[in-house]
Amino acid sequence: MEIVLAAKAIGAGIAVLALFGVGLALGNIFSTLIASVARNPASRDTVFPIGILGFALTEAVALFALLIAFLILFT
């Protein structure tokens, strides 16, 4: 029984590794957004919604990774 619990913990840990990529992607999205608005403030109305869409889609990947990790742990 302990082997199954250990395997579940390892599997959930591997599933959560996707959050590292999500953190990098979110940092890249917002740093690029800030840099582009700093270079051309008039482009804010065009660039900001695209940045928010990128944030939402990237955050969805994080939620899916957490969902998979919880499914592995608690089923």
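The values are calculated or read from the model by the stated rules, or taken from the named source; none is laboratory data. Since we're looking at a predicted model, the values are computed, not measured. Here the Cβ positions follow ideal geometry from the backbone for every residue, glycine too, while neighbour counts run over all protein chains shown. Heavy atoms of the whole protein, side chains included, go into the accessibility calculation; ligands, DNA and RNA do not. Shrake-Rupley method; radii C 1.70, N 1.55, O 1.52, S 1.80 Å.
A few points about this structure:
- Cβ-derived FRET efficiency at R0 30 Å, L26 paired with T75, nearest 0.05: 0.55
- C-alpha long axis of helix 18-39 to longest principal axis of the chain, angle in °: 10 degrees
- Within the chain, helix-based [θ] at 222 nm, where runs of 4 or more DSSP H residues each add -39,500 (n - 2.57), nearest 500: -32000 deg cm²/dmol
- Reported label for calculated mean projected area of the Cα convex hull in nm² given [x] 9.2; [y] 5.0; [z] 5.9: [y]
- Residues in the chain average 72 Å² of solvent-accessible surface per residue, probe 1.4 Å, ligands and nucleic acids excluded.
- With respect to the chain, whose longest principal axis is taken over its alpha-carbon atoms, helix 2-16 is tilted by about 10°.
- Counting protein heavy atoms only, the chain has 80 percent of its accessible area on carbon and sulfur, 1.4 angstrom probe.
- On the beta carbon distance between F55 and L17, with R0 = 22 Å, the FRET formula returns roughly 0.60.
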